[in-house]
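Beneath this line is the structure, given in structure tokens, with notes to follow.
The values are calculated or read from the model by the stated rules, or taken from the named source; none is laboratory data. It should be emphasised that the depicted structure is a prediction, and the values quoted were computed from it without experimental measurement. Note that we place each Cβ from the backbone using ideal geometry, even for glycine, and neighbour counts take in every protein chain shown. Calculation scope for accessible area: heavy atoms of the full protein, side chains included, ligands and nucleic acids excluded. Shrake-Rupley method; radii C 1.70, N 1.55, O 1.52, S 1.80 Å.
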Amino acid sequence: MKSIAKEYNLSEKLMVIIVYISLIYITFITPMMQLQMALFNNILVRGMHFQILLAVISIIYVVCYMIEGNKPRLTKFTISALLLGLYIIIDGIVIKFRLGYSYEYILFVYNNIFYLFMAFVVLIFPKKLSQKKLKNIFLTFGIIICVNVVLGLIQHIFNSPFYIYSEDVNGNSLFQSETFNLGGKVRAMGTTASGLKLGLLLIPAAAYSAYKLLYDFNALKKSKKVLHAISVIIIGITIFFTYTRNIYFILFYTLAFLLIYRLTAGKWRKLHIYLFPLIVPILYITAVLVLSFITSKNPTTSLFSAQSFLTRIIFWQDYMKDFFSWNLIDKLFGRFSIQIQGERAIKYNVPELVVDNMYINFLGFIGIVGVIVFIIFIWRLYLKIIKSAESNTLLLIFAIYLSSIFTMGILNVLEDIFLFIVIFISCVLLNTLDKEGRDFGED
């Protein structure tokens, strides 16, 4: 069995399958559900079913990985990842019995951070993919980007998402159908379920072309220069049509980080790496507060209305009042409460919760202890990747994008597509592109 597994390199093949299935699931689940509604007037295959399939394949992957004679990578960093995963699982089980949640709700919560768990698997059981396989994966990713750019532009031109069914038979929303205060304008969302998700999908592609123009301009052929310039412009236009202000800023953040990284070296670059992800969120929330106060004096129905942010502040205040009324155990370890509303809240018999803030959402989810451990994990992962990047384009882009989590989390909870790209795929890249023989887990 060991010789067969090693000869056919089964673990590598399984990891590639996991990545491809994830790409299809993350980017095409909404059109798949629309098709099922059209054919069966019901949804038989949901994201949850893809996650079950991926979980089963992951278990087989770990078994094959061990059979091939590989050992789990247990370093200080990967052990911290393992402990975070165990903390979330055990916390959920304890809270289930302590607060009387249903098993279905606990699984629903785990479902929301599925790719965080998948990243733990990749870190502890790392598999280096061949350059050919990695190239094919990103070629597929590039095709998906092109499809979404074209579809996003068409959705804007016709002011329609081209999705027929806004809800399933149980009343669960299938995509973001409200238009906020955009005067009836529909957000471009491509094959995803919202403008936010489309923007999160497109940002790394814009960053890649920007990198090529900033770093490899002289080495590029004229046709490639034009291609990358057009890519940045068209992707930027498509992102604008998502009408999602947080996405605008995350795109700006990513490109600004990339530019400053290019212009600095030595201790200044090191300073930039450490300070930029920490200072920008503070400046961002301060600027948003000031601008919201100014624009609130002159109400408008435009994209720059302060209404949505002021509403968020009310949500935050109300939730934090509730949080501070909890007992010490709940404050420290959370109550496994996450953002949920509508039919799902009714289904799981839990209160509706809308905060649109990663930090506050995680406080209710895994408590003060969990939030601290999670942020430390993300910070260490970011440093591991960016220190391994050096001249590697993909690692640098994904490290920068990962660092934006501290800023994006101010006005949004973590979306599955974001967790997939910035955490799971980043870990796959780290295993494959890090220096030969280097143990990225060691400090």
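Quick notes on this one:
- Using a Förster distance of 51 Å, the FRET efficiency for Gln317-Phe217 (Cβ separation, nearest 0.05): 0.60
- Sorting the segments 161-170, 10-19 by their mean number of nearby beta carbons within 10 angstrom, highest to lowest, gives 10-19, 161-170.
- Equivalent ellipsoid semi-axes - Cα gyration tensor, the chain, angstrom: 31, 29, 25
- Placing a label point 7 Å from the Cα of Glu104 along the Cα-to-Cβ direction, the residues of region 341-369 whose backbone N falls under 20 Å from that point are 341-353.
- By definition, a body whose alpha carbon gyration tensor gives a ≥ b ≥ c is oblate when a/c is 1.5 or more and a/b is not larger than b/c, and region 20-59 fits this oblate description.
- Between region 211-237 and region 88-161, the Cα center-to-center distance that results, in Å: 29
- Sorting 136-143, 198-205, 354-361 by their mean Cβ neighbour count within 10 Å, with the most densely packed peptide first, gives 198-205, 354-361, 136-143.
- Here the Karplus relation 6.51 cos²θ - 1.76 cosθ + 1.60, evaluated at θ = phi - 60°, turns the backbone of region 313-320 into coupling constants of 4, 4, 4, 4, 4, 4, 5, 5 Hz, with x for every Gly and Pro.
- Met48 contributes about 100 Å² of solvent-accessible surface, heavy atoms of the protein only, 1.4 Å probe.
- Protein heavy-atom surface of the chain, 1.4 angstrom probe: 68% of the accessible area is carbon and sulfur, with nucleic acids and ligands not counted.
- Straight Cα distances below 21 angstrom link Lys212 to the lysines Lys132, Lys135, Lys221, Lys222, Lys224, Lys225, Lys387, with same-chain residues fewer than 8 positions distant left out.
- For the peptides 392-405, 108-121, 321-334, the ranking by packing is 392-405, 108-121, 321-334, with the highest mean count of neighbouring Cβ atoms within 10 Å listed first.
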